[in-house]
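> After the structure tokens below, expect a handful of questions from me.
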Amino acid sequence: KAGVTQTPRYLIKTRGQQVTLSCSPISGHRSVSWYQQTPGQGLQFLFEYFSETQRNKGNFPGRFSGRQFSNSRSEMNVSTLELGDSALYLCASGAGSTDTQYFGPGTRLTVL
Amino acid sequence: GENVEQHPSTLSVQEGDSAVIKCTYSDSASNYFPWYKQELGKRPQLIIDIRSNVGEKKDQRIAVTLNKTAKHFSLHITETQPEDSAVYFCAASIAGGADGLTFGKGTHLIIQP
């Protein structure tokens, strides 16, 4: 099976702009989780979608949002970008019931 | 919420020696504990995981042990090789829950030739 894919791989934005990141899970996986990775804070949970429903959200402001489509592909949106949003954004897919999660290559977001 | 502490932050071992990385968690309801390896510029890769109904699990040179009473779990790598050099992350979650994985801060494992 093909692995988790994410697009784009790199993004450069300026403060105040918004950005949309995309994640395609492993075929058959219905769960998609998003994580932010920074040198200072490490890997932090953003939110998880399962069968198009957001099941929970981590401790991030409302500027961070997401959605999942019927084919399990997921998008994450960050509005009004801040310098501190510069990070590697990783998505992970899982079959749902087993909790084993497989990560995509990430999108490196740089906010100038 | 869950809190995961991971030690050490950096570990340097001679090639062929063993490496041990330790993690503690705070939420006694957590019952799923994966370990990920992340090489520079690459995605985290699942290397082994353990569930709370098991005390130990092995996969070739890698093993994980879990002590539910003490709320800690450890990764053991034997006969280390240069390709084992990477950052290792432990994580904890509640199986079937929706809070995602809570990760430790990571351990940079350096294998000295």
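Coordinate-derived values only; no laboratory data. Everything numeric in this text was worked out from a predicted model, so none of it was measured. We place every Cβ from the backbone using ideal geometry, glycine too, and count neighbours over all the protein chains shown.
> Take A:85, B:59 and order them by how many other Cβ atoms sit within 10 Å, fewest up front. Display every interim value, and only then the final one.
Numbers: A:85 21, B:59 10.
So the residues, fewest neighbours to most, are B:59, A:85.
> Leaving out same-chain residues fewer than 8 places away, which lysines sit with a Cα under 24 Å from that of residue B:105?
Leaving aside lysines fewer than 8 places away in the same chain, those within reach of residue B:105 are A:57, B:22, B:37, B:42, B:57, B:58, B:68, B:71.
> Could you calculate the FRET efficiency of residue B:12 with residue A:52 from 1/(1 + (r/R0)^6), where r is the beta carbon distance between them and R0 is 41 Å, rounded to 0.05?
Values: r = 46 Å, r/R0 = 1.13.
After rounding, the FRET efficiency stands at 0.30.
> Please go through segment B:19-113 and write out the GluC sites (Glu not before Pro) that DSSP classes as loop and that have at most 13 other C-beta atoms within 10 Å. Could the numbers behind the result be given before it?
Working: sites: B:39, B:56, B:79, B:83; in loops: B:39, B:79.
Sites meeting the loop and neighbour criteria: B:39, B:79.
> Report relative contact order for chain B in percent, whole number only (criteria: Cα-Cα under 8 Å, sequence separation at least 6).
On the way: 274 pairs, mean separation 41.8, N = 113.
For chain B, the relative contact order is 37 percent.
> Based on Cα positions only, what radius of gyration and what Dmax would you give for the protein assembly as shown, in angstroms?
According to the Cα coordinates of the protein assembly as shown, Rg and Dmax are 17.4, 51 Å.
> Follow-up. Which loop chymotrypsin sites (Phe, Trp or Tyr not before Pro) in segment A:33-106, with loop taken from DSSP, have no more than 13 other Cβ atoms within 10 angstrom of their Cβ? Don't skip to the answer; put the middle values down first.
Values: sites: A:34, A:35, A:45, A:47, A:49, A:50, A:64, A:69, A:89, A:102, A:103; in loops: A:69.
Passing both the DSSP loop test and the Cβ count: A:69.
> Using a simple spin-label model with points 7 Å from Cα along the Cα→Cβ vector, what separation in nm is obtained for residue A:1 and residue B:72?
Spacing of the two 7 Å Cα→Cβ label points: 3.6 nm.
> If contacts are Cα pairs under 8 angstrom and at least 6 residues apart, what is the relative contact order of chain A in percent?
Working: 292 pairs, mean separation 40.6, N = 112.
Over chain A, the number comes to 36 percent.
> Through the Karplus equation 6.51 cos²θ - 1.76 cosθ + 1.60, θ set to phi - 60°, convert the phi angles of segment A:80-85 into ³J(HN,Hα) values in whole Hz; use x for Gly and Pro.
Each residue of segment A:80-85 in turn: 6, 4, 10, 4, x, 7 Hz.
> OK, next. Using the Cα centre of chain A as origin and beta-carbon charges of +1 (Lys, Arg) and -1 (Asp, Glu), tell me which of A:106, A:84, A:14 is placed farthest towards the positive end of the dipole.
Selected residue: A:14.
> Another question about this same structure. Treat every Asp and Glu Cβ in chain A as -1 and every Lys and Arg Cβ as +1, leave all other atoms uncharged, and give the resulting dipole magnitude about the Cα centre to the nearest 20 debye. Numbers along the way, then the final one.
On the way: 11 positive and 6 negative charges, 35 e Å.
So the dipole magnitude of chain A works out to roughly 160 debye.
> So if I place +1 on the C-beta of Lys and Arg and -1 on the C-beta of Asp and Glu, and nothing else carries charge, what would the dipole magnitude of chain B be about its Cα centre? I want it in debye, nearest 20.
The calculation lands at about 200 debye.
> While we're looking at this one, here's another question. Identify, among B:64, B:75, B:52, the residue whose Cα sits farthest towards the positive end of the charge dipole of segment B:38-81, taking +1 on the Cβ of Lys and Arg and -1 on the Cβ of Asp and Glu, with the dipole about the Cα centre.
In segment B:38-81, that residue is B:52.
> About the Cα centre of the protein assembly as shown, how large is the charge dipole given +1 on each Lys and Arg Cβ and -1 on each Asp and Glu Cβ? Please answer in debye to the nearest 20.
Details: 22 positive and 19 negative charges, 118 e Å.
It works out to roughly 560 debye.
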